[in-house]
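Inspection log for the structure reproduced underneath, given as structure tokens.
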Amino acid sequence: MAMRIYNTLTKSKETFKPVAPGQVKMYVCGPTVYDFCHVGHARSVVVFDVVVRYLRAMDYQVTYVRNFTDVDDKIIKRANEVGMDARRLAEKYIGEFHRDMDALNVMRADQEPKVTDHIDDIINIVKTLLDKKVGYLADGDVFYSVETFKEYGKLSGRKLADMVAGSRVEINVNKRNPFDFVLWKAAKPGEPSWPSPWGEGRPGWHIECSAMSRRFLGETFDIHGGGKDLIFPHHENEIAQSEAAHGKTFARYWMHNGFVNIDNEKMSKSLNNFLMIKDILKSYHPETVRLFLLSSHYRSPIDFSDRNLKESEKALDKIYGVVKRLDQEAGIADADDTSPTGANWRAFCESMDDDFNTARGVGILFNLVKETNRILDDGKTSPQSSGELTTLTTDLMRMGNILGILQQPWQAFFEERAKSRLQDMAISPETIDELVAERTAARKNKEWKRADEIRDQLEKAGITLEDKADGTHWKVAT
């Protein structure tokens with residue numbers, strides 16, 4: 001089955017054909033770094049992390065670029081609020097972004113350019129747009145004239161004549177058209193600025209990505225990604241300025257992930273309904289968060305709730321549980337890359353080839369878990385069943401590598417989960433030890449009723465007891 005991608009530009013699924021066979025050049029809009037990342041940001045980053053993982057697993061040579069916007073009105077405003085230099089503030093939150101994404105097992109992009117490192121690239125494109133008379137100067141600012149780009153609106157499906165002035169666009173009396181957008185902003189007192197042929201100033205938002213993608217990927221590349229909120233005006237404006245400057249198709253395939261919602265509203269800092277990744281990870285395993293984010297199709301909205309995360313948590317326990325069983329009961333601890341794959345892996349790839357359908361892929365993974373448990377429950381080992389289990393393990397691990405889960409030994413996973421559950425319990429380890437000691441004494445004195453009462457009390461608290469020759473051991477139930 002050929003790989004097909006839903007292209008926002010054409011509003012249809014298209015067979016994926018990269019510019020250069022076997023090579024994929026991909027640009028994803030990264031964060032504006034003025035605060036910690038919330039789970040809405042994480043969804044976009046995790047989605048495109050999986051896209052890159054799968055493309056590489058299919059033997060494409062991928063060049064992946066994800067930028068940092070490190071100069072922006074929001075950054076300047078926050079820096080002024082906290083009394084910090086804007087560049088230092090941006091560097092702080094770039095570090096926090098990496099810390100959060102490393103925790104979520106997100107691979108670093110091949111290039112992570114910062115706007116402030118590419119001012120010359122930005123100025124060169126602005127010069128080109130002015131030379132081509134699609135940009136114009138006004139009181140120290142440089143604007144792009146949207147009326148000069150006849151295809152303006154082709155990504156978002158909007159017609160310029162039907163748009164309402166000021167919708168998501170900053171009103172400025174110097175604009176010839178309300179939807180003209182700024183390429184270069186004249187300097188203001190106390191704000192970061194750089195010299196340019198038009199005076200001191202700084203870049204507009206949209207021109208930054210056009211310049212950085214051209215620097216690392218060229219004037220035409222394969223995939224441009226981001227959240228749906230970037231379709232208009234950001235990505236629409238990127239197309240207009242890049243194609244006007246270079247006279248070529250900018251990006252061939254446009255991918256946009258859906259929102260993370262809380263109470264049916266998009267999670268965002270402006271609505272003040274966001275949840276920081278660093279806070280979520282205090283309560284949930286990073287792979288639980290990844291599984292939650294990938295359990296819906298990337299283009300669909302996803303509802304964030306503790307109930308949904310708890311379901312993903314239980315699901316992850318089951319996946320690691322079958323890895324534990326394969327190790328303990330079948331002696332299969334892992335599978336190498338040379339092991340043959342089976343029907344489950346082929347079905348998973350068919351799902352991923354269909355517009356990176358991780359929701360269906362996760363379903364196939366759970367069918368594999370059920371199939372593996374069924375064979376293990378049978379308890380009869382044979383060359384045939386051993387071969388089946390080896391193939392199932394290979395398929396499972398390969399799926400895990402694409403989804404970015406099963407990235408630690410099952411022993412370490414369950415140890416972490418036990419510690420986490422213990423912290424959430426109303427009973428302390430010291431109390432458990434005291435009750436175990438009391439039960440041991442009761443058993444020694446043949447007070448069986450009291451011993452059973454203590455066992456029942458601990459089981460209700462989620463503690464399992466194991467009586468062994470060297471004494472009674474307890475563990476958090478899994």
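The values are calculated or read from the model by the stated rules, or taken from the named source; none is laboratory data. As the structure is a computational prediction, the values presented were derived from the model and not from experiment. Methodologically, a virtual Cβ is constructed for each residue, glycine included, from the backbone with ideal geometry; neighbour enumeration extends over all protein chains shown.
With LYS114, LYS77, LYS150 as the choices, which residue is more than 29 Å from the chain's Cα centre (by Cα) and of a type outside the set (Val, Ile, Thr)?
Selected residue: LYS150, the only one of LYS114, LYS77, LYS150 that is more than 29 Å from the chain's Cα centre (by Cα) and of a type outside the set (Val, Ile, Thr).
Taking segment 323-360, which residues are assigned to a helix (DSSP H, G or I), acidic (Asp, Glu) and either in the same structural domain as TRP254 (by TED's automatic domain parsing) or within 20 Å of TYR298 (Cα to Cα) (or both)?
Those that are assigned to a helix (DSSP H, G or I), acidic (Asp, Glu) and either in the same structural domain as TRP254 (by TED's automatic domain parsing) or within 20 Å of TYR298 (Cα to Cα) (or both): GLU350, ASP353.
For residues in segment 230-255 being charged (D, E, K, R) and in a helix (DSSP H, G or I), which is surrounded by the most Cβ atoms within 10 Å (Cβ to Cβ)?
GLU238
Test VAL65 against the stated conditions and say whether it is out of contact with any His (no Cβ under 9 Å at 6 or more places or on another chain), in a strand (DSSP E or B) and either under 15 Å from MET212 (Cβ atoms) or not basic (Lys, Arg) (or both).
yes
Are any residues in segment 426-462 in contact (Cβ under 8 Å) with a residue 12 or more places away in the chain, in contact with a helix residue (DSSP H, G or I) (Cβ under 9 Å, 6 or more places away or on another chain) and outside any helix (DSSP H, G or I), and if so, which ones?
Hits for segment 426-462 are ILE427, ALA461, GLY462.
So, ASP59, is that one of a type in the set (Asp, Glu), loosely packed, with under 15 Cβ neighbours inside 10 Å and over 21 Å from the mean Cα position of the chain (by Cα) or not? Spell out the reasoning first.
On the way: of a type in the set (Asp, Glu): yes; loosely packed, with under 15 Cβ neighbours inside 10 Å: yes; over 21 Å from the mean Cα position of the chain (by Cα): yes.
So ASP59 passes the test.
If you go through segment 402-424 one residue at a time, do you hit one that is over 31 Å from the mean Cα position of the chain (by Cα) and either surrounded by 14 or more Cβ atoms within 10 Å (Cβ to Cβ) or touching a residue at least 40 places away in the same chain (Cβ under 8 Å) (or both)?
no
Restricting to segment 79-91, give me the number of residues that are among the basic types (Lys, Arg) and in contact (Cβ under 8 Å) with a residue 24 or more places away in the chain.
Keep residues of segment 79-91 that are among the basic types (Lys, Arg), which gives 87-88.
Next, only the ones that are in contact (Cβ under 8 Å) with a residue 24 or more places away in the chain stay: 87.
Residues that pass the stated criteria total 1.
Do you know which residues across segment 275-295 are small (Gly, Ala, Ser) and within 20 Å of ARG360 (Cβ to Cβ)?
Of all residues in segment 275-295, those small (Gly, Ala, Ser) come to 283, 295.
Across segment 275-295, the qualifying residue is only SER295.
Considering every residue within segment 77-96, establish whether at least one is out of contact with any Cys (no Cβ under 6 Å at 6 or more places or on another chain), modelled with pLDDT of 95 or more, part of a loop (DSSP other than H, G, I, E, B) and crowded, with 20+ Cβ neighbours inside 10 Å.
No; the residues of segment 77-96 include none that is out of contact with any Cys (no Cβ under 6 Å at 6 or more places or on another chain), modelled with pLDDT of 95 or more, part of a loop (DSSP other than H, G, I, E, B) and crowded, with 20+ Cβ neighbours inside 10 Å.
Going residue by residue through segment 137-149, is there one that turns out to be among the small types (Gly, Ala, Ser), modelled with pLDDT of 95 or more and more than 19 Å from PRO203 (Cβ to Cβ)?
no
Residues of segment 266-319 being polar (S, T, N, Q) and in a loop (DSSP other than H, G, I, E, B), which ones?
First, the residues of segment 266-319 that are polar (S, T, N, Q): 268, 270, 272-273, 283, 288, 295-296, 300, 305, 308, 312.
Once the filter is applied, which keeps residues that are polar (S, T, N, Q) and in a loop (DSSP other than H, G, I, E, B), segment 266-319 yields SER268, SER270, ASN272, ASN273, SER283, SER295, SER296, SER300, SER305.
For segment 104-121, what are the residues that are loosely packed, with under 15 Cβ neighbours inside 10 Å and assigned to a helix (DSSP H, G or I)?
Listed by number, the residues that qualify are ASP117, ASP120.
Looking at segment 158-176, which of its residues are at pLDDT 75 or above, touching a Phe, Trp or Tyr at 6+ places or on another chain (Cβ under 7 Å), over 18 Å from VAL134 (Cα atoms) and not basic (Lys, Arg)?
MET163
Out of curiosity, is PHE16 aromatic (Phe, Trp, Tyr), crowded, with 19+ Cβ neighbours inside 10 Å and either under 21 Å from the mean Cα position of the chain (by Cα) or closer than 24 Å to ILE75 by Cα (or both)? Spell out how you get there, then give the answer.
Details: aromatic (Phe, Trp, Tyr): yes; crowded, with 19+ Cβ neighbours inside 10 Å: yes; either under 21 Å from the mean Cα position of the chain (by Cα) or closer than 24 Å to ILE75 by Cα (or both): no.
The answer is no for PHE16.
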